[in-house]
Amino acid sequence: MADVLREEREGVFRDGGERLSVVDVDVHEMLTSIRDLIPYLEEPWRSRIEVNDGFKGPPGNPYAFPQPTGVAIQDAVTDDGSPAGSKLEMVQEQVLDRYDIEPAILNSLFHPTDHQIQPEFATALASAYNDWIVENWLDREERLRSSITVAAQEPHDAAREIDRAGSDPRFVQVILPAVAHHVFGKPYYWPIFEAAERNDLVVAFHQSGGTRTAVGLPPYYIEWHTAISQNWQSQLISLVAHGVFDRFEELKVAMIESSWTWVPHLMWRFDYNYRSLRREVPWVKRLPSEYIRERVKFSTQPMEYPENPEDLYRMFEMIGSDDFLMFATDYPHWDFDSPKQALPHSFPRDLQRKILRENAREFYDF
Amino acid sequence: MTSREAVRRAADSREARYVLCGLDEIPPGEVRGFRVGGRRIALSRLDDGTFRVVADTCPHQAAQLSLGSIERMWVSDTPGTHHQSENRNVLLCPWHGFEFDLETGGDPCVPGRPDLKLKTYRVEVEDGEVAVYL
Ligand code: FES
């Protein structure tokens, strides 16, 4: 058990005398089907879903999950066959109440950015999804916050959607898919970062149906899942190299479900390359690692478990910032982490407390 | 390259004065190496005709810096654009391309790292000769 979480009674943790609610930066809400969005769409888009045999949704993860309960942990499987994560009551019981989590950030797995065609339709889907989140999740549970879904292929429309949805303070970040086919650092996408900064929102990256590896879609899911941090790495490198952090000086970025033990390697290599190759990107004013340490946070999940837990703590120390990690469950997925178990004893007690709670509270201004 | 040995001790200084070459022997934009007083130094002539001297051994992997090149440092405040600095000149290592500011000897990417800084030396043009004080 994480040393800092002392369970007093079911669902309430204390650190000494003080209640210690956990912040969870990655919970997934799901549509039961794309038809849930029909009430939130105007024509001409509504009927594209409403008709029989209409649009079924942006492309999802193409693998058949080999686990006994598919992509979900067993507890999260629903009775009526709807997707895990589609029932608020189960999220309340299995995440918020069970672990005294407040708040939890909902990260949509519905990414109109992956619908790389019919751009106006993709934009309308994003708006509808944000309205659906408000009515079906945020208005019904005050311990939830959410990400804003956008269709990033239309950055000016995405910026308008960020302004519109971002006026509701329960939206705390903009979510972009960690994809292999574009780098979001390119100036083409800057309206999104500009709007996020203007609305004091974090920009987060999370995997999607468009997430690939360096070899595309390898034959087995285990190959894909082991290699996908390449997508976050490429996106992070691009944000630095294209000068996004120089241009948007208040911008904050969250890497969600990317894993994090690769970060020391990336910072070392990137800094070294910067000294040799700075002339190519002279608008980048500082060592890449400095932007990463100061402006980027990572979710804990999926934690990695070396045989010696001290090794994991040494990896953390190499990053050089106690503020760097934020706890996440990734509920309802099979690689879920429990806040009671995720952090090994090698992590000092004060640090556990920061990771489970304080770092996210400060980053998102909760 | 080694210097033409023309060593005179300045009577009122503990610095040793070494004449490296005649004023016109090094054209603007070039850098040349010398071994004087037991040290390897790199003499650069900037495009305004003035001279700078720094240590000639790269603190990274010990390449001879005088085999590299000098330029006005590439700078930019706008992503996607490049222009050359009005006043900063850098020496580029011939191996991995690290840059060294010819005024301070520091690497502009890591100005706070003393272990990655080159020693700089005073250089003067005197009577048509380029002299360094070590
Ligand atoms: S030896 Fe000079 S940069 Fe590597």
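One table, with the values for the structure above:
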item: At R0 = 22 Å, FRET efficiency that the Cβ-Cβ distance of residue A:286 and residue B:40 yields, to 0.05; result: 0.10
item: For segment B:14-21, 3J(HN,Hα) per residue [Karplus equation, 6.51 cos²θ - 1.76 cosθ + 1.60, θ = phi - 60°, Hz, x = Gly/Pro]; result: 8, 6, 8, 9, 10, 7, 8, 5
item: Fluctuation leader among B:107, B:77, B:115 - chain B, Gaussian network, Cα springs under 10 angstrom; result: B:77
item: Net lengthening on full extension, residue A:304/residue A:318 (0.36 nm per residue, minus Cα-Cα); result: 3.5 nm
item: Theoretical ellipticity at 222 nm over chain A - DSSP helices of four or more residues, -39500 (n - 2.57) apiece, nearest 500; result: -8500 deg cm²/dmol
item: Part-to-part distance (alpha-carbon centres) for segment A:239-281 and segment A:71-114, which is given in Å; result: 32
item: Accessible solvent surface per residue of chain A, calculated while the other protein chains remain in place, 1.4 angstrom probe, Å²; result: 41
item: ³J(HN,Hα) computed for each position of segment A:246-256 - Karplus, 6.51 cos²θ - 1.76 cosθ + 1.60, integer Hz, glycine/proline x; result: 6, 6, 10, 6, 9, 5, 10, 10, 10, 9, 10
item: Inter-centroid distance (Cα atoms) of segment A:29-46 relative to segment A:162-224, Å; result: 21
item: Separation in nanometres of the label points that stand 7 Å from Cα toward Cβ, at residue A:47 and residue A:141; result: 3.7
item: Estimated distance in nm for a label pair at residue B:81 and residue A:279, the labels positioned 7 Å out from Cα along Cα-to-Cβ; result: 2.1
item: Of A:127, A:138, A:150, farthest towards positive along the dipole that unit charges on Lys, Arg, Asp, Glu beta carbons give segment A:86-204; result: A:150
item: Interchain or long-range residues, amide H under 5 Å from residue A:300's placed H; result: A:326, A:327, A:328
item: Reduction of at least 20 Å² in accessible surface, 1.4 Å probe, comparing all protein chains with the chain by itself, residues of segment A:278-310; result: A:278, A:279, A:282, A:283, A:285, A:287
item: Ordering of A:105-111, A:340-346, B:125-131 by burial proxy (mean other Cβ atoms within 10 Å per residue, highest first); result: A:105-111, A:340-346, B:125-131
item: Long-range amide H partners of residue B:88 with built H, under 5 Å; result: B:73
item: Pairwise burial A:B, computed as accessible area of each alone minus the pair, summed, 1.4 Å, Å²; result: 1500
item: Antiparallel DSSP beta bridges within chain A, as percent of all bridges there, nearest 5; result: 25
item: Taking chain B and dividing mean pair separation by its residue count, relative contact order in percent (alpha carbons under 8 Å, at least six apart); result: 23
item: FRET E, pair residue A:335, residue A:262, Förster distance 22 Å, beta-carbon r, rounded to 0.05; result: 0.85
item: Exceeding the 22 Å Cα-Cα cut-off - candidates A:186/B:117; A:297/A:354; A:56/A:297; result: A:186/B:117; A:56/A:297
item: Max mean-square fluctuation residue, GNM over chain B, Cα-Cα springs under 10 Å, options B:99, B:86, B:71; result: B:86
item: Sparsely packed GluC sites (Glu not before Pro) within segment A:257-366, loop by DSSP, other Cβ within 10 Å at most 16; result: A:304, A:307
item: Average beta-carbon neighbours from other chains, 10 Å sphere, peptide B:93-104; result: 2
item: Solvent-accessible area, 1.4 Å probe, carbon plus sulfur percent, for the protein assembly as shown; result: 48
item: Average accessible area per residue (Å²) across segment B:15-128 - probe 1.4 Å, nucleic acids and ligands excluded; result: 47
item: Residues whose placed amide H lies under 5 Å from that of residue B:40, excluding near-sequence neighbours; result: B:56
item: Chymotrypsin sites (Phe, Trp or Tyr not before Pro) within segment B:57-113: DSSP coil, no more than 16 neighbouring Cβ in 10 Å; result: B:95
item: R0 of 25 Å, Cβ-Cβ distance residue A:226-residue A:75: FRET efficiency to nearest 0.05; result: 0.50
item: In Å, descending, principal axis extents of the Cα set of segment A:4-364; result: 58, 56, 43
item: Estimated vicinal HN-Hα couplings, Hz - segment B:124-134 in sequence order (Karplus 6.51, -1.76, 1.60; Gly, Pro = x); result: 9, 9, 9, 6, x, 10, 9, 10, 10, 10, 10
item: The protein assembly as shown - charge dipole about Cα centre, Lys and Arg +1 at Cβ, Asp and Glu -1, debye rounded to 20; result: 2060
item: Listed residues B:111, B:59, B:79, most fluctuating in chain B (Gaussian network, C-alpha, under 10 Å); result: B:79
item: Magnitude of the charge dipole, segment A:76-130, Cβ model with Lys/Arg +1 and Asp/Glu -1, debye to 20; result: 180
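The values are calculated or read from the model by the stated rules, or taken from the named source; none is laboratory data. For clarity, every value in this text was computed on a predicted model and none was experimentally measured. Using ideal geometry, Cβ is built from the backbone for each residue, glycine included, and neighbour counts are taken over all protein chains shown. These accessible areas exclude ligands, DNA and RNA; they are computed on the full protein's heavy atoms, side chains included. Shrake-Rupley method; radii C 1.70, N 1.55, O 1.52, S 1.80 Å.
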